[in-house]
Amino acid sequence: MDAPYSNPMRGILLKVASVVIFLCMSTLIKAAGKDLAAGQITFLRSAFAIVPIAIYFGCRGELVDAFRTRDLTGHLMRGFVGILAMGCGFYGLTRLPLPEAIAIGYAMPLIAVVIAAVFLQETVGLYRWSAVLVGLTGVVIITWPRLTLFRDGGVGSVEAMGALAVLASATLGACAMVLVRKLVQAERTHTIVLYFSLSASVFSLVTLPFGWSELSWQALILLALAGFCGGIAQLLLTASYRYADVSTIAPFEYTSIVLGLIIGYFLFGDVPTGAMLVGTVIVVIAGIFVILREHRLGLQRRAARKHITPQG
């Protein structure tokens with residue numbers, strides 16, 4: 001097996017591939033229709049994602065081992081929060097232009113800093129707090145045209161509800177990131193990936209009595225393909241961290257906005273607004289700053305541990 005961080009270029013390529021396939025997933029979901037229940041989309045996306053994940057781990061001889069866990073409660077908590085995040089994200093995705101939904105979702109790592117400081121008592125310095133405030137200002141710039149009371153429908157309009165849903169998704173996704181941080185201390189990566197898809201499928205199935213629609217064959221095929229894409233992209237994303245440091249590959253997440261602008265324009269006729277572009281630039285810069293700052297602090301902590309470790 002390759003040593004960690006041994007091939008940064010491979011890690012970057014895997015990360016970019018995961019971004020592209022996740023974007024394909026979002027495009028397929030948006031193309032399936034805006035009248036579908038978020039829980040229904042979440043179930044189909046999660047259930048069909050299990051197929052490529054199971055095939056991959058089966059071929060590697062890791063499928064049975066992946067079911068062995070020491071923290072079932074942690075997996076269930078992560079799964080529950082994760083499906084809430086996905087449901088809110090899918091609701092917003094079907095009601096907003098694709099680039100805006102992507103851009104607002106970039107708030108997730110910024111919110112994760114706040115949650116880690118409050119609930120995990122992680123020390124957050126002035127630089128990261130400043131980056132979080134700047135980044136969230138960018139989110140406000142993106143969402144304000146959707147939320148302003150001077151628009152028809154005000155904050156109750158469909159687009160405003162979509163923007164709020166994506167913000168909720170980013171917040172819940174940040175909570176899920178914190179839960180994963182705890183899981184990785186005791187659980188293997190393939191166990192975390194498998195249990196998330198399984199728990200998300202079960203939890204989202206509970207929404208069946210609350211307005212699931214009868215699907216056309218076209219919508220079912222689109223959502224099934226979205227699930228396959230989600231599973232494959234998750235595997236690629238997980239593999240990327242085997243070859244490169246998080247701080248090396250994380251900034252490539254932001255390539256999705258360029259692709260999202262192209263797809264949104266040509267497939268859905270989404271024309272980016274000035275506020276959306278300005279806000280996105282601010283959020284991306286703040287996000288990259290947080291990533292680089294986390295990397296520098298990580299290097300300092302490792303150096304400090306090495307310095308105090310007894311030698312000999």
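The values are calculated or read from the model by the stated rules, or taken from the named source; none is laboratory data. For clarity, every value in this text was computed on a predicted model and none was experimentally measured. Neighbour counts are summed over all protein chains in view; Cβ atoms, including those assigned to glycine, are modelled from backbone coordinates with ideal geometry.
The table that follows gives values for the structure above.
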| item | result |
| --- | --- |
| Some residue of segment 15-38 being at pLDDT below 90 and in a helix (DSSP H, G or I) | yes |
| Gly264 vs. criteria in contact with an Asp or Glu (Cβ under 8 Å, 6 or more places away or on another chain), touching a residue at least 12 places away in the same chain (Cβ under 8 Å) and of a type in the set (Gly, Ala, Ser) | yes |
| Test: residue in segment 44-54 that is assigned to a helix (DSSP H, G or I), modelled with pLDDT under 90 and touching a helix residue (DSSP H, G or I) at 6+ places or on another chain (Cβ under 6 Å) | no |
| Helices (runs of 4 or more DSSP H) completely within segment 193-293 that count 2 or more residues being of a type in the set (Gly, Ala, Ser) and either buried (at least 20 other Cβ atoms within 10 Å of the Cβ) or touching a strand residue (DSSP E or B) at 6+ places or on another chain (Cβ under 9 Å) (or both) | 217-243, 255-268 |
| Selected residue (only one of Ala31, Ala116 is surrounded by fewer than 21 Cβ atoms within 10 Å (Cβ to Cβ) and closer than 13 Å to Ala226 by Cβ) | Ala31 |
| Residues (crowded, with 24+ Cβ neighbours inside 10 Å and either aromatic (Phe, Trp, Tyr) or in a loop (DSSP other than H, G, I, E, B) (or both)) located in segment 58-96 | Phe90, Tyr91, Leu96 |
| Any hit, segment 158-177, residues being of a type in the set (Val, Ile, Thr), at pLDDT below 90 and farther than 25 Å from Ala32 by Cα | no |
